[in-house]
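The values are calculated or read from the model by the stated rules, or taken from the named source; none is laboratory data. Just so it is clear, the model here is predicted, and its values are computed rather than measured. Please note: Cβ atoms are built from the backbone with ideal geometry, for glycine as well, and neighbour counts cover all protein chains shown. We work out accessible area using only protein heavy atoms, side chains counted, and drop any ligands, DNA or RNA first. Shrake-Rupley method; radii C 1.70, N 1.55, O 1.52, S 1.80 Å.
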Amino acid sequence: MLKPFFEKEKIEAGCDEAGRGCLAGPVVAAAVILPKNFSHNVLNDSKQLTEIQRFELRKEVIRSSITYGVGVASPGEIDEINILNASYLAMHRAIDQLNMKPELLLIDGNRYKPHNEIPHECIIKGDGKYYSIAAASILAKTYRDELMRQRAIDFPGYSWETNFGYPTRAHRDAIREQGITPLHRKSFQLLPAQLELFD
């Protein structure tokens with residue numbers, strides 16, 4: 001069972017991101033403020049759930065949240081400022097979408113760049129410990145998966161509808177055979193030998 005809050009008296013927003021390890025597509029973050037009495041017997045780290053569960057839980061999170069936001073940092077921004085800073089940027093954009101200012105941010109992971117003078121706590125594997133972080137992980141993951149499915153139509157052959165831009169063998173084989181797209185992160189090692197992708 002996950003915990004409903006870190007500090008009961010404060011307005012807390014859970015924050016998480018999806019897509020840091022991908023070769024293509026944006027990094028997406030979400031921020032969620034849940035009621036203090038929120039509980040759910042299935043909600044957990046999105047990586048521990050099936051795709052069907054994630055999309056069902058997304059409806060529950062949106063319905064139950066006090067407010068939520070989703071932020072995106074593009075492949076170009078990732079290449080320009082690096083994936084870690086782009087992850088922070090996506091989180092900041094998600095937080096800016098909230099219709100109230102949190103008094104405390106619960107950040108999944110061990111690092112964060114402060115934003116708008118809001119205090120924060122970094123919690124390793126927080127998406128398996130706190131409802132609000134788990135809810136944010138669900139929104140970030142499902143939003144990004146949907147986006148990559150849509151882009152798979154524009155750029156067929158890379159199997160984004162199933163790998164969502166992660167470095168699977170099918171994805172790397174497609175890069176080797178077809179080259180890269182505007183959604184690929186040029187600052188990443190797209191192939192082990194880089195094989196003259198940018199010529």
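Ordering THR50, GLN150, LEU23 by the projection of their Cα atoms onto the charge dipole of the chain, which places +1 on the Cβ of Lys and Arg and -1 on the Cβ of Asp and Glu, puts THR50 at the extreme positive end. With all protein chains kept in place, the per residue accessible area of the range 93-185 amounts to 49 square angstrom at a probe of 1.4 angstrom. In this simple spin-label model, placing a label point 7 Å from the Cα along the Cα-to-Cβ direction at both GLU177 and LEU104 gives a separation of 5.2 nm.
Between the Cα long axis of helix 83-96 and the first principal axis of the chain there is an angle of about 40°, rounded to the nearest 10.
Full extension of the chain between ARG111 and SER39 yields a length gain of 23.2 nm, computed as 0.36 nm times the residue separation minus the alpha carbon distance.
Normalised by 2.2 N^0.38 Å, with N the number of residues, the alpha-carbon radius of gyration of the range 47-199 equals 1.15.
Reducing the range 60-114 and the range 120-199 to their Cα centroids gives an inter-centroid distance of 17 Å.
In degrees from 0 to 90, rounded to the nearest 10, what is the angle of the helix 131-154 Cα long axis to the longest principal axis of the chain? Rounded to the nearest ten degrees, it is 30. Sparsely packed loop sites in the range 91-127 (the GluC sites (Glu not before Pro) outside DSSP H, G, I, E and B with at most 11 other Cβ atoms within 10 Å) comprise GLU117. Sorted largest first, the principal axis extents computed over the alpha-carbon atoms of the range 1-102 equal 41, 32, 20 Å. Summarising the overall dimensions of the range 130-199 from its C-alpha atoms, the Rg and Dmax are 14.1, 47 angstrom. Given a 1.4 angstrom probe, I'd like the percentage of the accessible area of the range 10-165 that is carbon and sulfur, rounded to a whole number. Whole-percent figure for carbon plus sulfur exposure: 49. Assign unit charges at the C-beta atoms only (+1 for Lys and Arg, -1 for Asp and Glu), then state the dipole size of the chain relative to its Cα centre in Debye, rounded to the nearest 20. The calculated dipole for the chain is roughly 380 debye.
The trypsin sites (Lys or Arg not before Pro) found in the range 95-198 that occupy coil by DSSP, while having at most 12 further C-beta atoms within 10 Å, are ARG111, LYS125.
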